[in-house]
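The values are calculated or read from the model by the stated rules, or taken from the named source; none is laboratory data. What you see is a predicted model; the values in this text were computed from it and never measured. Using ideal geometry, Cβ is built from the backbone for each residue, glycine included, and neighbour counts are taken over all protein chains shown.
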Amino acid sequence: MLKPLPHAYFYGSRKSTPKIGLLKNLEYLFLNRCYLVYLPKSIGQLEKLRDLNLVRNDLSYLPKEIGNLKLLAKLDLRFNRLISLPEEFGNLELLELLFLNSNQLQTLPESFTRLQKLQALNLSSNQLKKLPEGVGNLSLLEKLDLHNNQLKTLPQSFFQLKKLKTLDLGNNKLSHLSEDLGNLNLLEKLNLGENNLQFLPKSIGRLSKLHTLDLNDNPLKSIPNEIVNLSNLKVIRLYEPPEHLVKKITYLLPDCYIDFMEDW
C-alpha cells in the first residue's frame, strides 16, 4: 500500500497561521478561508511542497520566500487581493497549474515567463493592462484564461503558444488581433466576446479544430470569408449582430449554430 503523502488542511480559521515553517515534510498545504492578510516568511522553508492552496484569503502580497518552493506543481491563489507578484515568483519553474483569478493584479513580473512547465493558467478577473513580452515562453500552455482584464494589445510572442486548446480573452479592450492568431491551430474553444473588435484576421480560418467561437458584444463590421474553413465549428456566439453578418455566417457555415445569447 502506498504511504499517504504528508498534508495539512485548515479551513475557516480566524486564528493566526501556525508555525508552518516547522512542518518541513509537508507536500500538500490547504489554507482556505483563513482570513490571512499575509504569509509568514517561514513559508519558504516548506521546500517539499507540491500543492499549495490559499483560496479566499485577504492576501495583498506574497513574501519573496515563496520562490523557495521549487517543487510546487500546483498553486491556487484565487479570491485574494494580490496587486503584484514578487520577482522570485519565477523560481517556481515546476508549476503546472496556476490559479490567480479574482485578484487585483495590474502587472506580472518578467520572471513570470520562466514558468515554462505551466499547462493551465487562470488570470481572469484582474486588472492586467499588458502581458510580459516573453509570455510566448510558456510553450506548454493548453488552457489560458484572461477574461475580464484591461488588455488592449497582446505581445507578439503570445502567438507562439501553439499548444493552446482553450483561450479566453473575453471582456478586455482588444481592438485588433494579429494575423498570427492562425498559428494557434490547436485551439478548440476561443472567447473574444466583449471587446472592441471591428474585424477578425483572415488567419482565423486556419483554426481548423475550433468548435466554439464567442464573438458576442463586439462592434463587428465584417467576418472574413476564410471562416468557411472552420469545418469543426459548432457554435458561434453573437449578441445583436447586424443582419448581413448573420446571413454571411449562415451561408459560409450552414451547419454551425448561431447562439444569439437571448437567454443571457
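Output yes when any residue across the stretch 246-262 is assigned to a loop (DSSP other than H, G, I, E, B), buried (at least 16 other Cβ atoms within 10 Å of the Cβ) and of a type in the set (F, W, Y), and no when none is. Taking every residue of the stretch 246-262 in turn, none turns out to be assigned to a loop (DSSP other than H, G, I, E, B), buried (at least 16 other Cβ atoms within 10 Å of the Cβ) and of a type in the set (F, W, Y).
If we scan the stretch 149-161, do we find a residue that is at negative phi and part of a strand (DSSP E or B)? No: the stretch 149-161 contains no residue that is at negative phi and part of a strand (DSSP E or B). Being over 21 Å from G67 (Cβ atoms) and not in a loop (DSSP other than H, G, I, E, B), is that true of even one residue in the stretch 122-137? Within the stretch 122-137, one or more residues are over 21 Å from G67 (Cβ atoms) and not in a loop (DSSP other than H, G, I, E, B).
Restricting to the stretch 34-92, name every residue that is hydroxyl-bearing (S, T, Y) and not in a loop (DSSP other than H, G, I, E, B).
S42
Between G193, G182, G170, the distinction of being touching a residue at least 24 places away in the same chain (Cβ under 8 Å), in a helix (DSSP H, G or I) and either loosely packed, with under 14 Cβ neighbours inside 10 Å or of a type outside the set (A, V, I, L, M, F, W, C) (or both) belongs to G182 only.
The residues listed here are Y35, Y28, Y61; of these, the one that is among the aromatic types (F, W, Y), touching a residue at least 12 places away in the same chain (Cβ under 8 Å) and within 16 Å of H7 (Cα to Cα) is Y28.
Conditions tested, residue by residue: (1) over 20 Å from N218 (Cα atoms); (2) in contact (Cβ under 8 Å) with a residue 40 or more places away in the chain.
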site	(1), (2)
L118	yes, no
N122	yes, yes
P132	yes, no
N137	yes, no
L141	yes, no
H147	no, yes
Q150	no, no
T153	no, no
L161	yes, no
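Among the residues making up the stretch 9-20, none is modelled with pLDDT under 80, in contact with a helix residue (DSSP H, G or I) (Cβ under 8 Å, 6 or more places away or on another chain) and not in a loop (DSSP other than H, G, I, E, B).
Scanning the stretch 63-90 for residues that are surrounded by fewer than 17 Cβ atoms within 10 Å (Cβ to Cβ), in contact with a helix residue (DSSP H, G or I) (Cβ under 8 Å, 6 or more places away or on another chain) and of a type in the set (D, E, K, R) turns up K64, K70, E87. Can you work out which of the residues in the stretch 202-232 that are in contact with a Gly (Cβ under 8 Å, 6 or more places away or on another chain) and not in a helix (DSSP H, G or I) is surrounded by the fewest Cβ atoms within 10 Å (Cβ to Cβ)? It comes out as P224.
Of the residues making up the stretch 115-127, those that are crowded, with 19+ Cβ neighbours inside 10 Å and at negative phi are L115, L118, L121, N122, L123, S124, N126.
So, K130, is that one within 14 Å of the chain's Cα centre (by Cα) and either closer than 23 Å to V228 by Cβ or crowded, with 20+ Cβ neighbours inside 10 Å (or both) or not? So K130 does not fit the description; no. Give me a count of the residues in the stretch 233-245 that are of a type in the set (K, R) and buried (at least 18 other Cβ atoms within 10 Å of the Cβ). Matching residues across the stretch 233-245 total 1. Against the list (1) out of contact with any Phe, Trp or Tyr (no Cβ under 7 Å at 6 or more places or on another chain); (2) on the phi < 0 side of the Ramachandran plot, the condition G90 fails is (1). Considering the stretch 186-209, and only residues there that are within 16 Å of K234 (Cα to Cα) and charged (D, E, K, R), the residue that is nearest to the chain's Cα centre (by Cα) turns out to be K189.
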